[in-house]
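The numbers here are math on the coordinates, done by the rules we state, and not lab data. Values in this document were obtained by computation on a predicted structure and should not be read as measured data. Note that each Cβ is placed from the backbone with ideal geometry, even for glycine, and that neighbours are counted across all protein chains shown.
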Amino acid sequence: MGLRWTNALSGSYSSYTGGFPDFTLCVLGRNLNRVPLNNTPEQQSLNQFRVLPAELCGSLRCETRHKLTKQGGFMESRAKALGHPIHQMLVPFPFGLLSTAVIFDIIYLIWGNPTMATVSYWMIIAGIIGGLAAAPFGLIDWLAIPKGTRAKSVGMIHGLGNVVVLLLFLASWYLRYTTPGLVPYIPSTSALLLSFLGFALAGVTGWLGGELVDRLSVGVDDGANLNAPSSLTGPATRSAR
C-alpha cells in the first residue's frame, strides 16, 4: 500500500508507504487513510488534494467540497426539511404501509378473516399516496447526482423500480375495488400475486436505496461526523477523526 500527496506547506509532490500517524488526508474534512497508490480515476481525483494536519481538516472551503462532489465524492440532498433529506424521511411510510398490507393479506389467507383484507385494502391506498409524496423529492436528489457515476445508474434503477412497485400495488388495489361480492375488498388471486410481487420488488429497491446512502453517500450531510452538532444549528464541519 502507498500514499501519494501534495505537501500542504511546501507544495512538493511526495509519496509515502509507511504508517500515517501525524497527518490525515482531508477531502471535505473526511479522512481517507492508506489510499492505494494506483492510477484509478478515484486515485487521480485524490492526488490533487493536500495532506493537512488533522486539526486543520475542518477549514477546507466550500469550493473544495463542490469540486469533489462533481468528481465522485459524497453529496448532500437537494431537498431538505429541518436539515434532513425529505425523501429519506418520507420513504419509510410507503414501504412500511405496503409491506404491512402484504402481511395482512397473508393473515387473511391463513385465517380467512375478511377484516384483514379490508385493512390491507386501505393500507395499500395509504402506501400509494405515501409513495407519490416521496417520489418528487427523490427525483430532485437524483437529478443532482453527477452523470457517469455509479450513483446515477443505481439511483435510476431505484427510482424506476419504485415506480413499478407502485403500479403493481395500484393494480392490486383496483382488482380489490372492482371485485364483486357480498364482502367488499376481498382480494382475488391476481390481486394477491400483484401485491406479493410488488413486495418482493420493494425489497430490491429498498436495498438499492440503502446502497445509495450507505455505500455511495448520496444524501449524506457534508459535515457528517460522530460529534456533529444538531442539524437545526446549520451546516456542520466534518471532523478530522
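Just checking, which of 210, 161, 198 is under 30 Å from residue 79 (Cα atoms) and either buried (at least 19 other Cβ atoms within 10 Å of the Cβ) or among the hydroxyl-bearing types (Ser, Thr, Tyr) (or both)?
On inspection, the qualifying residue turns out to be 198.
Go through segment 77-117 and report how many residues are more than 16 Å from the chain's Cα centre (by Cα) and touching a residue at least 40 places away in the same chain (Cβ under 8 Å).
So the count comes out to 10.
For segment 109-138, what are the residues that are buried (at least 21 other Cβ atoms within 10 Å of the Cβ) and either in contact with a Ser or Thr (Cβ under 9 Å, 6 or more places away or on another chain) or not in a helix (DSSP H, G or I) (or both)?
Within segment 109-138, 120, 123, 124, 127, 137 qualify.
Can you pull out the residues in segment 183-204 that are of a type in the set (Phe, Trp, Tyr) and over 32 Å from the mean Cα position of the chain (by Cα)? Working first, answer last.
Within segment 183-204, the first condition is being of a type in the set (Phe, Trp, Tyr), and the residues that meet it are 185, 196, 199.
If the condition is that a residue be of a type in the set (Phe, Trp, Tyr) and over 32 Å from the mean Cα position of the chain (by Cα), then 185 is the only one that fits.
Considering only residues that are in contact with a Pro (Cβ under 7 Å, 6 or more places away or on another chain) and free of Cβ contacts under 8 Å to residues at least 60 places away in the same chain, which ones fall in segment 176-222?
176
If you check residue 174 against the conditions, is it more than 23 Å from the chain's Cα centre (by Cα) and crowded, with 16+ Cβ neighbours inside 10 Å?
no
Return the pairs, sorted by first residue and then second, in which the second residue is small (Gly, Ala, Ser), the first residue lies in segment 139-153 and is outside any helix (DSSP H, G or I), the beta carbons are less than 6 Å apart, and the residues are 6+ apart or on different chains.
145/151; 145/155; 149/72
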